[in-house]
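Written below as structure tokens is the structure these notes are about.
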Amino acid sequence: MRTSLVLLVLMFGSGCASTPPAARTLHSPTASSAPSPSPQPTIAASPTPVSVLASLACRIAVSNGTPGTGGFVTFPGGQFAADKASDVDLPGQIGYSGLSYSAAVQKWLPVSRDWVTPDGKRYVYWNWQQGSLMIVDAAHGSQTTISGTGSSTGGWSIFDAEQSTVYLSNQSYPAGEGLWIGHYSGGVQQITSAGYWQAVNAGIAYGTETSSVPQGAANTIQRFDSTAKSKQNWFSEPGLQGIVEGFAVDGSPIVVASKPGGTVNGQQMTDQEVWLATGPAQARQLFQATFPSSGGGPYGPPAGVTSVLGDSHGVWISVQNQGLYLWSDAAGLEHASAVSGQLGSGCD
């Protein structure tokens with residue numbers, strides 16, 4: 001594990017930063033419920049940062065997640081320009097399912113980026129009226145029913161669309177137990193009946209053994225290889241409850257974790273952290289901040305980190321009321337733009 005990073009601590013409303021600490025080796029989760037002792041932190045000098053932002057010549061799609069709110073933050077400069085072409089909807093559907101941009105077809109798509117195939121040319125969604133999964137040609141909008149994909153539970157939650165398959169869970173919130181795979185050629189099969197999965201990338205799923213843990217307790221994120229059918233404990237840190245919200249370009253999961261942060265002037269606060277989990281019990285802490293606890297609802301983290309995404313430049317972290325950050329090996333954490341929101345593409 002790399003033993004250096006640049007860490008910025010943003011206290012809500014204070015605008016002050018702390019001295020960057022060294023990277024840490026995580027508490028190592030075991031297969032049993034009993035925790036193992038946490039190893040001592042590894043201390044190392046931080047590298048001399050070299051700005052990555054200064055050399056960027058690209059744009060990243062950002063939106064509020066709803067039709068018509070998308071646009072691009074362009075580098076250099078980090079300025080936002082709205083794009084009317086982002087006003088796109090799923091055909092015949094009620095509500096919305098996110099917003100992303102496909103560079104392959106140069107179009108905004110009415111789904112989150114996880115529902116888009118890796119080549120950017122197709123996307124998958126659940127058709128409520130028809131009661132089946134649909135696959136859509138992103139360039140032309142033509143759609144095809146994926147046969148044999150009806151659900152006795154009322155629908156499917158989509159985790160990840162691959163080139164020929166899509167990973168699913170029962171339609172419920174939070175997602176139901178177990179993991180399924182749907183084939184574009186037709187049919188759905190369950191690949192594990194256990195686990196509450198949060199995200200999937202290239203056939204590797206991440207989630208937890210139970211649906212939740214008590215407040216103040218840490219959860220353990222597990223890694224499940226859908227091909228080998230093997231399961232491995234991957235990330236756990238005392239006091240933190242983590243959710244895999246995205247992936248780095250090498251497939252490492254990006255974990256957004258939170259814990260109670262005490263009170264400030266009578267306001268309950270939440271500590272929020274972003275970790276890059278590079279191996280079992282090995283991770284780099286990329287970001288840490290404290291925010292008011294209101295605004296997040298009973299499920300998931302409070303207002304703060306709204307979206308994360310990995311690309312060839314590093315890990316992008318969007319933070320409400322703070323803007324957009326880029327974390328990289330070369331420079332650590334850099335403030336990229338005053339604009340924040342849902343990230344709909346890498347910086348291309």
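The values are calculated or read from the model by the stated rules, or taken from the named source; none is laboratory data. Here the structure is a predicted model, which is why all the values come from computation and not from measurement. Cβ: placed from backbone, ideal geometry, glycine included. Neighbour counts: every protein chain shown.
Among the residues of region 195-217, the one identified as small (G, A, S), over 19 Å from D114 (Cα atoms), surrounded by fewer than 19 Cβ atoms within 10 Å (Cβ to Cβ) and in contact with a Gly (Cβ under 7 Å, 6 or more places away or on another chain) is G216. The set of residues in region 67-108 that are of a type in the set (D, E) and more than 22 Å from W316 (Cβ to Cβ) comprises D87, D89. Selection over region 47-98 of residues that are in contact (Cβ under 8 Å) with a residue 40 or more places away in the chain, assigned to a loop (DSSP other than H, G, I, E, B) and of a type in the set (S, T, Y) gives a count of 2. The numbered conditions (1) modelled with pLDDT of 95 or more; (2) within 19 Å of the chain's Cα centre (by Cα) are all true for S337 except (2). From the list G195, G242, G182, which one is in contact (Cβ under 8 Å) with a residue 40 or more places away in the chain and either over 14 Å from the mean Cα position of the chain (by Cα) or more than 23 Å from L133 (Cα to Cα) (or both)? Result of the check over G195, G242, G182: G182.
Scanning region 161-211 for residues that are farther than 19 Å from G242 by Cα and charged (D, E, K, R) yields a count of 1.
Looking across region 310-342, the residues that are crowded, with 22+ Cβ neighbours inside 10 Å and aliphatic (A, V, I, L, M) come down to V315, I317, V319, L324, L326, L333, A336. Mind checking whether some residue in region 266-280 is at pLDDT 95 or above, part of a loop (DSSP other than H, G, I, E, B) and touching a strand residue (DSSP E or B) at 6+ places or on another chain (Cβ under 7 Å)? Within region 266-280, one or more residues are at pLDDT 95 or above, part of a loop (DSSP other than H, G, I, E, B) and touching a strand residue (DSSP E or B) at 6+ places or on another chain (Cβ under 7 Å).
Among the residues of region 229-265, the ones that are surrounded by fewer than 19 Cβ atoms within 10 Å (Cβ to Cβ) and either assigned to a strand (DSSP E or B) or among the β-branched types (V, I, T) (or both) come to 10 in all.
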